[in-house]
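Shown next, in structure tokens, is the structure this report addresses.
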Amino acid sequence: MEFLDLEASDYESALRQARSTYGNAVRIHTRKDFTKGTTLSKQKRCRITFYLVDQKPRAVEQASEPAPAFDAEACLQKLLASNDVPPALHASAREQVLLSKAGHTQAEVEVGLLQYLFEGVQFEDEIAARFAVFVGAAGVGKTTTLIKTALYLRARKARKVALLTLDTNRIGSLGQIRQFAREFALPLFEAPSFKALAGLLPELDAYDHVLVDTCAFSAKDEEQKMRQNALLAMIHEQSTFLVVSATSKESDLSAQLQHFSDQRMKAVICTKLDETSGIGNLLGFARKSALPLLFLADGRTIPDDFHIASASYLMTHLKGFSLDLSQFFPAN
């Protein structure tokens, strides 16, 4: 490193002279103030020692890497998988959400998928018929849901409600509904035969609603199914409600619908929402069946964990969306 000296009348003058010659490359190393001349003519002086730094052109700021383009296809596939939308619906979802135009934003993909998932999904808001018949596969929580419905009608709608069970032969079936009836003070009637049911019908006229618990049998039990259908044929003013589990695959839900197709279902009640990772199967089934959703259950607690079906409530079970979903279907 080379050091240079420059002398002037004061420091500012010395620095100004150095910079006029060398520019901004000047870096001061030392400064010395002194006097010069005879006793009669002394002058103040300043000597600076300095060095020069290399003056390289300022590096041009590198343009930041452009953000990767939003992958609408990947976003859609992730949302479909996160919400267990049946693979059979992926192609139609893609066609509706992505093929309308190019260059989608994430918000556009999410809104488009919401529109697709809820398109055609209907909701029922009440049980109108006097006899409400609950049918469904074994293990879906049919009897528990029947009790929750009875308590809802009694507490929220001020209806006089009774229970009627046709499921009198299956081991353990009577014990469960009898225990519930005692615990919640619900009138329970049992119809093990055609004669017994015929004798009960006049007494049941005193109730606003009678919730009918049925047998859960497989497709192989054709004889038992025919017997139950014959019992149900004795009941007038009835509507049938299919109870399904949100944990079932869409194909299993469709099979249950087919199994009970001769019942002319009024609506669907869905249980076990708390036990599933996604509700795409349920929404797909609701679209395909064209049956409205009536109630949703998300736990075993009675009478809690029971809700009137609505788009706003179902949206709380959707996953992976960045949007505030409450803005689309505000809760009443």
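The values are calculated or read from the model by the stated rules, or taken from the named source; none is laboratory data. Worth saying up front: this structure is predicted, and the values here are computed from it rather than measured. Methodologically, a virtual Cβ is constructed for each residue, glycine included, from the backbone with ideal geometry; neighbour enumeration extends over all protein chains shown. Quick note on the areas: whole protein, heavy atoms, side chains included, nothing else; ligands and nucleic acids left out. Shrake-Rupley method; radii C 1.70, N 1.55, O 1.52, S 1.80 Å.
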Of (1) over 25 Å from Val109 (Cα atoms); (2) in contact with a Pro (Cβ under 8 Å, 6 or more places away or on another chain), Gly280 satisfies all except one. Which? (1)
Within region 316-328, can one find any residue that is under 23 Å from Ile127 (Cβ atoms) and part of a loop (DSSP other than H, G, I, E, B)? no
Taking region 172-193 and keeping residues polar (S, T, N, Q), open to solvent by 40 Å² or more (accessible area, probe 1.4 Å) and in a helix (DSSP H, G or I) leaves Gln176, Gln179
Find all pairs meeting these conditions: Cβ atoms under 8 angstrom apart; at least six residues apart or on different chains; first residue within region 274-291 and closer than 14 Å to Asp252 by Cα; second residue aromatic (Phe, Trp, Tyr). Leu283/Phe118
Of the residues in region 310-328 that are out of contact with any Pro (no Cβ under 7 Å at 6 or more places or on another chain) and polar (S, T, N, Q), the one that is surrounded by the most Cβ atoms within 10 Å (Cβ to Cβ) is Ser310
Restricting attention to region 136-146, does a residue exist that is open to solvent by 70 Å² or more (accessible area, probe 1.4 Å) and either of a type in the set (Gly, Ala, Ser) or in contact (Cβ under 8 Å) with a residue 40 or more places away in the chain (or both)? yes
So, Gly284, is that one within 25 Å of the chain's Cα centre (by Cα) and outside any helix (DSSP H, G or I) or not? no
Options Ala81, Ala150; residue that is on the phi < 0 side of the Ramachandran plot and in contact with a strand residue (DSSP E or B) (Cβ under 9 Å, 6 or more places away or on another chain): Ala150
Tell me the residue from Leu164, Leu174, Leu151 that is modelled with pLDDT under 95 and more than 20 Å from the chain's Cα centre (by Cα), please. Leu174
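Out of all the residues in region 162-171, which are buried (at least 18 other Cβ atoms within 10 Å of the Cβ) and touching a Cys at 6+ places or on another chain (Cβ under 7 Å)?
Correct list: Leu166, Asp167.
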Looking at (1) closer than 24 Å to Ala155 by Cβ; (2) of a type outside the set (Val, Ile, Thr); (3) in a helix (DSSP H, G or I), find the lone condition where Lys266 falls short. (3)
With the requirement that a residue be open to solvent by 60 Å² or more (accessible area, probe 1.4 Å) and either at pLDDT 95 or above or part of a helix (DSSP H, G or I) (or both), what does region 248-263 give you? Ser251, Asp252, Gln258, Ser261, Asp262
Looking at region 194-233 only, could you name the residues that are at pLDDT below 95, surrounded by 12 or more Cβ atoms within 10 Å (Cβ to Cβ) and assigned to a loop (DSSP other than H, G, I, E, B)? Thr214, Cys215, Ala216, Phe217, Asp221
Residue in region 76-129 that is modelled with the highest pLDDT, counting only those that are under 22 Å from Ala246 (Cα atoms) and more than 21 Å from the chain's Cα centre (by Cα): Ile127
Quick one: how many residues across region 1-56 are at pLDDT 85 or above and in contact with a helix residue (DSSP H, G or I) (Cβ under 6 Å, 6 or more places away or on another chain)? 4
Is region 150-161 home to any residue that is open to solvent by less than 50 Å² (accessible area, probe 1.4 Å) and not in a helix (DSSP H, G or I)? yes
Test result for Tyr11, surrounded by 14 or more Cβ atoms within 10 Å (Cβ to Cβ) and touching an Asp or Glu at 6+ places or on another chain (Cβ under 9 Å): yes
